[in-house]
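Computed from the coordinates by the stated procedures, all read-outs in this text should not be read as laboratory data. Computed from a predicted model, the values in this text were never measured in an experiment. Please note: Cβ atoms are built from the backbone with ideal geometry, for glycine as well, and neighbour counts cover all protein chains shown.
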Amino acid sequence: MSDIIQLLPDSVANQIAAGEVIQRPASVIKELVENAIDAGATHVDVVVVDAGRTLIQVIDDGTGMSETDARLAFERHATSKIRKADDLFTLQTMGFRGEALPSIAAVAQVELTTRRAEDEVGVCLQIAASKVVRQEPVACPVGSNFKVENLFYNVPARRKFLKSNATELQNIVQAFERIVLVYPKVNFTLQSNNLELLNLKTASLRQRIDDVFGRKGTQDLLPVNVETTVCTIEGYVGRPETARKKGIQQFFFVNGRYMRHPYFHKAVMNAYERLVPQGLVTPYYIYIKVDPADIDVNIHPTKTEIKFENEQTIFQMLQVAVKDAIGRFIEVPLIDFDSEGQPDLPLFGSQNSGGPQMPTVSVDPDYNPFRSGTTPRTPTYLPQYDIPQTPRRKTVDNSWQQLYDQAVHRAQPAPAPTLFPDDDAEETQSIDAERSPQHYQYKGCYIMTAVKSGLMIINQHRADLRIRYDRIIRQLQAGSIPTQRLLFTDIVQFAPSDITQIETFLPELQAMGFEMTPLGGGSYAVSGVPAGIDGVDISRLITTIVSDAIDQGHTTPQQLHETVALSLARHSAIADGQVLTNEEMEQVVNSLFLSSNVKYTPDGLPILTILPHSDIEKLF
């Protein structure tokens, strides 16, 4: 029997490695931009066509490569970042494995143009499917210029499973954001199909966050700054009122590297305990610096998972740092019980103090300013002054009470004569009771009313949510939602990752009553909204609609209608704790039983429950 174990060719091995390192076009941009940063670039330009399917180009002004280094860089495990295994515990660069470039070259057509400052000419290298196609000298500026064309052209299965251009572009922007937020001193640009999405100049960290996500979305950030022997924690966290369910930005960076860490996320959220409602989260941008020997980044090919040696200690420090930032914002005064050496201040009003006494007020209960007489009495609770009195010319009879009673008696209409006054009154009361049944509101959240089978309890917020949702759906289907013009134009700022999705949703939003005008850079001016949503934060409403549609992948008009109707209904429905009159409760109950689904809200939450009469009797 012959041997069956064989060494895989380099091209096959590179394609297998590419399956872990290069998952989508965003992975290519991440690896190439990180290499540009490690090369000391101060300007990095990224260009994509068709969300990276057709072209990905990364241009930098870093140190560049020699002809030999350019050829060797596409070999597996060839890197300039480390020399021995111990260097893994002192990493100061983004890359270190030497797998990115060979993985990219295995699944795409790559062209590299690069030159060092000390070289007169550069080199142009073309590689396709791990094979060198052409290599020649060329005149080019200092730095590197990578062109990656036709990604996954030789792996049709992988190319087939790529998402839509809008989704892939969104992932590209997210990967780009995670890098630019770490290096505010580097200039970045991002272009998609000749449209500039981001143009970031050198700035401070706070200014870079504002440039990426918009000043309006980041104006409520609180600074965090804690420095200890274990680690240094810097960055910004959101105020409690910025909490939302979704669509917010949350970033952890460790030694300039983006990471996901659910345990540290829990530490941040614990700091907001009892400050934000359950289920809501706040934005944060937290940068942690630790000794490279205390972490291990060589766990996952994407390097987004990191192991910490002092994980519990950093958890406690992170929680305390965020609490301290929130405490400074709330400005709660601290109680200092250390009074040693402080002067003893006497209390006002005490027996031993000679300070002023509490003033007293005396009132004359017999004083009446309308009492008839020649001279009115002076009230005893006013200070007494010697004021010369002017003699009155004539005494006036102030019998005003008798005149008032007579006028009221004449104004009252005489009751109409009835044959059976008592029976008629009782009948009227019984008819009114039948027409308007009495409801009871419990703690401003639930409507309780009697039915034949027992006691029905209705959640007023969910009931009104169902009523408004059905009404909006009918108006959307009929195309009859009127637009209400705003007195003052509102500005909505979207993150770069949402700009491509907005272009898809904008026609539908305008057909639903929103008047939005693009201002450039992800900003839109809102001059009109659907009628009937008074008192709603327009900016938050629109961002919620867009984030819900993106998260749920809704692109068809019917799906967008449902998403918009649910968001509008949530923002305009009766809030928990709102006190309702009996007529308002009656209107809610009647409208609920005319809706399409009495028992459940559009998102599947129960609206009402009935406590059977037999269960009530068992309680007694």
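Tell me the GluC sites (Glu not before Pro) within the range 101-203 that lie in a loop according to DSSP and have at most 13 other beta-carbon atoms within 10 Å.
Values: sites: Glu111, Glu118, Glu120, Glu149, Glu168, Glu177, Glu196; in loops: Glu118, Glu120.
Answer in residue order: Glu118, Glu120.
Please give the FRET efficiency for Gln316 paired with Lys289, using the beta carbon to beta carbon distance and R0 = 22 Å, rounded to the nearest 0.05. Walk me through the numbers on the way to the answer.
Numbers: r = 17 Å, r/R0 = 0.77.
Step by step, r from the Cβ atoms, then E = 0.80.
Sketch the reach of a paramagnetic label on Val579 as a point 7 Å from Cα along Cα-to-Cβ, and name the residues of the range 435-469 whose backbone nitrogen lies under 15 Å away.
440-446
Amide H of Tyr272: which non-local residues (sequence gap of 5 or more, or other chain) have their own amide H closer than 5 Å, using H built in the peptide plane?
When sequence neighbours closer than 5 places are left aside, there are no close amide H contacts.
Considering only Cα-Cα distances, which of the following residue pairs are longer than 23 Å: Lys30/Lys323; Lys266/Lys323; Lys30/Lys147; Lys452/Lys618; Lys443/Lys599; Lys246/Lys443?
Values: Lys30/Lys323 33 Å; Lys266/Lys323 13 Å; Lys30/Lys147 14 Å; Lys452/Lys618 17 Å; Lys443/Lys599 21 Å; Lys246/Lys443 29 Å.
Exceeds cut-off: Lys30/Lys323; Lys246/Lys443.
Counting only C-alpha contacts under 8 Å and six or more residues apart, can you give the relative contact order of the range 205-330 as a whole percent? It would help to have the intermediate numbers written out before the result.
Details: 186 pairs, mean separation 37.6, N = 126.
30 percent.
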